[in-house]
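Nothing in this text is a laboratory measurement; each read-out follows from the coordinates by a stated rule. Fair warning: this is a prediction, and the values are worked out from it, not measured in the lab. With ideal geometry, Cβ positions are generated from the backbone for all residues, glycine too; neighbour counts draw on all protein chains shown.
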Amino acid sequence: VVRGIRPGGRETDSGLGLIIHSDIAMNFRPVFILTCMRSYSSLVCGMLGQHPNLYGLPEVNLFAADHVRSILQLFKSIRPVSLNGLWRTIAELEFGEQNEDTVEAAKVWLEARAQWSTSDLYHHIAARVRPRRLVDKSPLTVMNKGFLERMLRTFPDGTFLHLTRHPRPTCRSILELIAATDRKKHTTRAERTDPERLWCRAHTNILDFQRQLPTGQMMRLKGEDLLTDPNTYLTQIEAWLEVESSEETYEHMMHPENSPFARIGPANAPFGNDPSYLSQPRFQPRPIPSASLNGQLEWRHGDNAQFMSETVSCARRLGYQ
Amino acid sequence: VIVPSAKFSRIASGGAGNPRSRVAHACAEFLGDVFLGATHPNGDTPEDCARILRYGVATREWKEVYRAPLVAADEVVLARDVLRSGNKRPVQVGQLVPHERGFRGMTVFQGRSDKSPALYVSTISNWGGQFLRCVNGESFQVVSEPGLGDERLLSFRTLVPFAGRLFTSPIGSVSGDQLDRNLSVRPTVFVSDDPARGVWREASLPGFGDDRNRVIFQMAVLGNHLYAGTGNPVRGFELWRTDGRGKPPYRWELIIERGAWRHTLNASVASMVAFKGALYIGTGLPGLGYDKANDIGPAAAELLRVFPDGRWELVIGEPRFSPQGLQVPLGCMGPGFDEPCNSVFWRMAVRGDQLYVGTHNWRIYKYLMLQDDAPRGGFHLWATRDGGKWEALTMDGFGNPYAVGVRTLLPTRDGLYLGTDDHSLLRKRARKLGPRLVDTDQTPSGFEMWFGESVPAGEKPILAWG
């Protein structure tokens, strides 16, 4: 256990190994990938996370509450699988690997630190991987403006990558995921889900969030562009993040499967990322089929089921047609 | 930090004799004097006649040389502005209104039938914009059909001589009961080698073959090419160019698309000028930085520059990834010169070794209408010698918060003329809010004209305006 000092220079009195110091915290500049779910974020986070100066996390969803206790209670009650990423992270960073034993140890470790703020825990994780910078893609963050504000309060110098995907395939993919879960659990969530509203809410929240940021702290990238032409865009991301850039760093990023989180986890924490990505994390450059904002929505009934005008405006602003 | 490199003096105020003349809209140097087209935003009364004024450079006096005729209003006058859909027009059919309420373009050109260079002016009229011609500085003749044969065409903003011909493109439309000041039902480049005889031909396909290009806002010449910037509310502006060889319609080449990868937030090209081997392009959105008709924005304007080989760079604006690499603003300032209310880079001009950029700034609305800001406003005027280092000559409309925009910038041998867009009707609102802006009540309504003289190198800078 590493003893540490709280922001402001005061040593922790809990003896639980919080490793934060104000001058260290000032140097943390995690990279947050902000996007709607099912928008290539697992793959992009995996790729960036393999850069030698960066460290890709699974979905830790830490900005959903102020304290670790609240996070644990929240997800245990509504969606325990959302804790898989956090458990795997702690197992890997605190206990050196991910197996059923270390995941159980991670659960105990977190319960023992339930009084920590989520900010403290996040800084602790960031300190663990120093000098590498964290890359986080927790999709829950963008669904609530309060979560985004908490993220910015925690890391005011963080960098934010707004990752986009055309709303039509995104919506289709959201529904496919929910339908697959429905089949397993014998539920009917897909029938009640409006994926377009999810897409719109996520991106509108991100665009609103950007207004308070200085120019350049958030950059926007179409996932389709990155996956079609990674050489062009990964080097630009390196320049923006001010990290090393070479053939070697590029080669690292082309192998997200080398991440310790890019596979199905132990039985007691198998996920923490898109299950499809965990099953097949290798990146294979491929053309992305084009999609249109016009035309009937196949998931909605009615003769005139088109995208809402606000979706179309937002999508056009992001460069989609 | 304001570091003035020019000394500006006001040479006209109060709309130069008509406080309802709110826009100093089009300007040109002709016969040694300065000619100015004054525009009235709506043209609802006989007092709203468009006027052309001549400023004697030697005498320093203004003289009216043209006034639009009055006609009986018909239903065409009642068309509602799509950007101001709540406003019912305060005009009745049959009442006298001006046939033209303003002028949007002005240039000097010598066509085949012109024995000497002539002044060509494009009018703003709900019955179809037309061209006026003047050879003696005193009398103006109509030399085109309304709307070049399509009476729905409101006006013509850009008038550019290139390769011995005059190029233009319609802006704004009156269709049925709707008026759009900007987008056109016929976004086509027109060309004439003899505008005196009203002979115009189509020089491009409509929208360059894409119906999402809804208007061709601006044209300019760089090297051996004519460049045209579009308004495209679906994908963002496009920049096209032609060498003008052969017979019209000419072959055009796409240079920039998708609003230079800022997409719809760069919906339109508002200004263009060649400067030190590059074409500088200012973008913009209408209204208060929000295009209500197309639900775009809010956003501030950007400045880009493109080189003859097609490469482009971001000068002022939002850093971004692009197919040609990471774009970071050379001027180290975000959209609007780091001012969110600079929604349009409306006019640019080159004089000497400096580029000047004048903005539209709606900050006064933020205070008066939205009441969430300090009591200030007024256009910005910036200057640069290289695109990288910038000086602000004013960030408050030369002290007039109701002067929301730079509508004309005319460089001459003697200096730089600048005409404003006046929104002093907001004063009524200001008085209700309290006394904090009461000092500006002394400034009369109507546009202002300013003249800037260079400060010689080495001379101590003089605070800019007086």
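In the neighborhood of B:L53, defined by Cβ-to-Cβ distances under 9 Å, what is the net charge if each Lys or Arg adds +1 and each Asp or Glu adds -1?
Details: positive: B:R51, B:R54, B:K63; negative: B:E64.
Here the charged neighbours net out to +2.
Output wanted: per-residue J couplings in Hz (rounded whole) for segment B:363-378, from phi through Karplus 6.51 cos²θ - 1.76 cosθ + 1.60, θ = phi - 60°, x for Gly and Pro.
4, 4, 5, 4, 7, 7, 9, 9, 6, 10, 8, 6, x, 7, x, x
Can you give me the pair-distance distribution of chain B, C-alpha pairs, 20 Å bins, whole percents?
26, 62, 12, 0
Grab the alpha carbons of chain A, take their convex hull, and tell me the volume per residue in Å³.
Details: hull volume 42.3 nm³, N = 321.
Normalising the Cα hull of chain A by residue number yields 132 Å³.
Long-range amide H contacts for B:G102: which residues qualify at under 5 Å (H placed 1.01 Å from N, peptide plane, sequence gap of 5 or more or a different chain)?
Amide H to amide H, under 5 Å and 5 or more residues apart or across chains, B:G102 pairs with B:H40, B:A50, B:I124.
Could you tell me how far the Cα centroid of segment B:73-110 sits from the Cα centroid of segment B:171-205, in Å?
17 Å
Dipole magnitude of chain A about its Cα centre, charges +1 at Lys/Arg Cβ and -1 at Asp/Glu Cβ only, in debye to the nearest 20? Write out the running numbers ahead of the final one.
Details: 38 positive and 36 negative charges, 180 e Å.
With only Lys, Arg, Asp and Glu charged at Cβ, the dipole is about 860 debye.
List every residue whose amide H lies under 5 Å from the amide H of B:M333, counting only residues 5 or more places away in sequence or on a different chain, with H placed 1.01 Å from N in the peptide plane.
B:G317
Give the residue from A:N53, A:L110, A:H301 lying farthest towards the positive end of the charge dipole for chain A; charges sit on Cβ (+1 for Lys and Arg, -1 for Asp and Glu) and the dipole is referred to the Cα centre.
A:H301
What is the local net charge at A:C171, summed over the other residues whose Cβ is closer than 13 Å to its Cβ (Lys, Arg +1; Asp, Glu -1)?
Values: positive: A:R38, A:R165, A:R168, A:R172, A:R197, A:R201, A:R300; negative: A:E176, A:D194, A:E196, A:E298.
Result for the neighbourhood of A:C171: +3.
Cα gyration tensor of segment B:68-110, axes a ≥ b ≥ c as square roots of the eigenvalues: rounded (a/c below 1.5), prolate (a/b > b/c) or oblate?
Working: a/c = 3.77, a/b = 1.52, b/c = 2.48.
Because a/c hits 1.5 or more and a/b fails to exceed b/c, segment B:68-110 counts as oblate.
Over the Cα atoms of the protein assembly as shown, what Rg and Dmax result, in angstrom?
Every Cα atom of the protein assembly as shown included, Rg and Dmax give 30.0, 95 Å.
Obtain the radius of gyration and the Kirkwood radius of segment A:132-291 from its C-alpha atoms and give Rg over Rh. Present the calculation step by step, with values, prior to reporting the outcome.
On the way: Rg = 17.2 Å, Rh = 17.9 Å.
Here Rg/Rh amounts to 0.96.
Report, as a whole number in µm² per second, the diffusion coefficient that Stokes-Einstein gives for segment B:1-115 at 37 °C and 0.692 mPa s using the Kirkwood radius over alpha carbon pairs.
Details: Rh = 16.3 Å.
The diffusion coefficient I find is 202 µm²/s.
Once a ≥ b ≥ c are taken as the square roots of the eigenvalues of the Cα gyration tensor of segment B:143-298, is the result rounded (a/c under 1.5), prolate (a/b larger than b/c) or oblate (a/b not larger than b/c)?
Values: a/c = 1.91, a/b = 1.16, b/c = 1.65.
It comes out oblate by the Cα gyration axes.
Once Lys and Arg get +1 and Asp and Glu get -1 on their Cβ, which of B:A274, B:L154, B:S424 lies farthest toward the positive end of the dipole of chain B?
Checking the options against the dipole of chain B, the answer is B:S424.
Out of the trypsin sites (Lys or Arg not before Pro) in segment B:1-66, which ones are loop residues according to DSSP with at most 11 other C-beta atoms within 10 Å?
Answer by residue number: B:R60.
Sort out for me the Cα centre separation of segment B:144-166 from segment A:231-276, rounded to whole Å.
56 Å
With helices defined as uninterrupted DSSP H runs, which ones in chain A have an alpha carbon span along their own long axis of at least 24 Å and mean Kyte-Doolittle hydropathy of at least -0.5?
Span-like helices, by this rule, are absent here.
Under the rule of at least 5 residues apart or a separate chain, name every residue whose amide H is placed under 5 Å from the amide H of B:R351.
Here B:Y356 satisfy the definition.
Given +1 on the Cβ of Lys and Arg, -1 on the Cβ of Asp and Glu, and no further charges, what dipole in debye does the protein assembly as shown carry about its Cα centre, rounded to the nearest 20? Intermediate results must be reported in sequence, preceding the final value.
Numbers: 93 positive and 85 negative charges, 216 e Å.
The dipole magnitude comes to about 1040 debye.
So if I place +1 on the C-beta of Lys and Arg and -1 on the C-beta of Asp and Glu, and nothing else carries charge, what would the dipole magnitude of segment B:173-315 be about its Cα centre? I want it in debye, nearest 20. Kindly include the intermediate steps, with their values, before the conclusion.
On the way: 17 positive and 16 negative charges, 42 e Å.
Here segment B:173-315 has a charge dipole of around 200 debye.
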